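Below: the structure, in structure tokens.
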Amino acid sequence: MKEGPLLGAHTSIAGGLDKAIVRGRDLGCNTIQIFTKNSNQWKERHLEQDEINAFHEAREESDMGPVVSHGSYLINLASPDDEIYDKSINAMFCEMKRSEKLGIEYLVVHPGSHRGAGEEEGLKRIVQAVDRLHQKTGGYKIRIALETTAGQGANLGYKLEHIAQMMESVRDNSRLALCLDTCHVFAAGYELRDGKSYERLFTEVEMLIGMEYLKVIHLNDSKKDCGSRVDRHEDIGMGMIGPEPFKWIMQDGRLKDISKIIETPGTGTDKNSEKDRENLQLLRDFAG
Ligand SMILES: [Zn+2]
Ligand SMILES: [Zn+2]
């Protein structure tokens, strides 16, 4: 695997899952994130064996490090509506099945929206959903990585306490992980722009959840200000967060072996590879 900090991008699977690895390699990534199907549709995607083989081969050939998958945006494991709730659990099960076949270690998912039912009720629904999923996937190696959110609308996960509560309540939390998104935590109200605040964030991760659960970091700057609770990604250093905190992350020894993935505007669309290249180069320069 390519030396240096684990750094990559969300890459497109257009033309086949293995193409995402090729794109990632072309961008100089040693880790990538992918969708294993169209993320804006409920329609499932069945993986053929030759597609799975091609993916494993491409991964080996390119010496690609950890690959992370991201669940569909339609999944809502906190939904108070039983029909959508069951549909979400089933969709999540399909995501886990595909990811497991591809040898993916972490499946990132937004915890969900309680849609007015209240935070406690929403968190309870998510815990039940995760327990059901774990039961259905006994023996799987894939771990669900709960992502921090900006807290738009009734979305849960905008506080580390939410993630901590879910992890404490599920039956087997050794099968869970944390995905921290810089844009989301900042928009949710976590200040990052001075050294003290930066340290406080990671102290809270350690105290509430445990750094050993932090497995994925999404590196995105934010178009909106701290506490805005609005999720709008921006190129690294070009938004309200600015370059400094990204420099600290890239130089932080605790985060060296954690997959750091950009989801800056246009990533994964395949039309934006020049912009991706610039964002990644900037981060590599920060690492020194
Ligand atoms: Zn993210
Ligand atoms: Zn986002």
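Yes/no per residue for (1) more than 12 Å from ligand 2 (Cβ to nearest atom); (2) within 16 Å of the chain's Cα centre (by Cα); (3) of a type outside the set (D, E, K, R):
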residue	(1), (2), (3)
D181	no, yes, no
K196	yes, no, no
L208	yes, no, yes
K224	no, no, no
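Of the residues making up the range 111-135, those that are open to solvent by less than 50 Å² (accessible area, probe 1.4 Å), under 16 Å from I75 (Cβ atoms) and assigned to a loop (DSSP other than H, G, I, E, B) are P111, H114.
Of these, E100, E3, which one is open to solvent by 20 Å² or more (accessible area, probe 1.4 Å), at pLDDT 95 or above and not hydroxyl-bearing (S, T, Y)? Break it down into steps so the answer makes sense when it comes.
Values: E3 fails: at pLDDT 95 or above.
Sole residue among the options that is open to solvent by 20 Å² or more (accessible area, probe 1.4 Å), at pLDDT 95 or above and not hydroxyl-bearing (S, T, Y): E100.
Would it be correct to say that S69 is within 15 Å of I261 (Cβ to Cβ) and in a strand (DSSP E or B)? Yes. When G151, G138 are screened for being within 16 Å of ligand 1 (Cβ to nearest atom), not in a helix (DSSP H, G or I) and not aliphatic (A, V, I, L, M), only G151 passes.
From the list A14, A58, A20, pick out the single residue that is surrounded by fewer than 20 Cβ atoms within 10 Å (Cβ to Cβ) and not in a loop (DSSP other than H, G, I, E, B). Please lay out each step first, then the result.
Values: A14 fails: not in a loop (DSSP other than H, G, I, E, B); A20 fails: surrounded by fewer than 20 Cβ atoms within 10 Å (Cβ to Cβ).
Of the residues listed, the single one that is surrounded by fewer than 20 Cβ atoms within 10 Å (Cβ to Cβ) and not in a loop (DSSP other than H, G, I, E, B) is A58.
Restricting the first member to the range 69-96 and to residues that are closer than 18 Å to Y140 by Cβ, and the second to residues that are at pLDDT below 95 and outside any loop (DSSP other than H, G, I, E, B), no beta-carbon pair is closer than 6 Å while six or more apart or on different chains. Residues in the range 41-55 that are open to solvent by less than 70 Å² (accessible area, probe 1.4 Å) and either at pLDDT below 95 or in a loop (DSSP other than H, G, I, E, B) (or both): 2 in all.
Test G268 against the criterion of being on the phi > 0 side of the Ramachandran plot, at pLDDT below 95, under 17 Å from the mean Cα position of the chain (by Cα) and within 13 Å of ligand 1 (Cβ to nearest atom), and give yes or no. Give the derivation first.
On the way: on the phi > 0 side of the Ramachandran plot: yes; at pLDDT below 95: yes; under 17 Å from the mean Cα position of the chain (by Cα): yes; within 13 Å of ligand 1 (Cβ to nearest atom): yes.
Spelling it out, G268 is indeed on the phi > 0 side of the Ramachandran plot, at pLDDT below 95, under 17 Å from the mean Cα position of the chain (by Cα) and within 13 Å of ligand 1 (Cβ to nearest atom).
Counting only helices (runs of 4 or more DSSP H) that sit completely within the range 165-259, those holding 1 or more residues that are open to solvent by 70 Å² or more (accessible area, probe 1.4 Å) correspond to 195-204, 243-251.
Just one of G71, G138 is modelled with pLDDT of 95 or more, within 17 Å of the chain's Cα centre (by Cα) and either among the small types (G, A, S) or under 20 Å from H184 (Cβ atoms) (or both); which is it?
Working: G138 fails: within 17 Å of the chain's Cα centre (by Cα).
The unique qualifying residue is G71.
The values are calculated or read from the model by the stated rules, or taken from the named source; none is laboratory data. These numbers come from a predicted model, not from an experiment. Cβ sites come from the backbone with ideal geometry, for glycine too, and all protein chains shown count toward neighbours. Ligands, DNA and RNA are stripped out before the accessible areas are found, and what is left, the full protein with its side chains, is counted by its heavy atoms. Shrake-Rupley method; radii C 1.70, N 1.55, O 1.52, S 1.80 Å.
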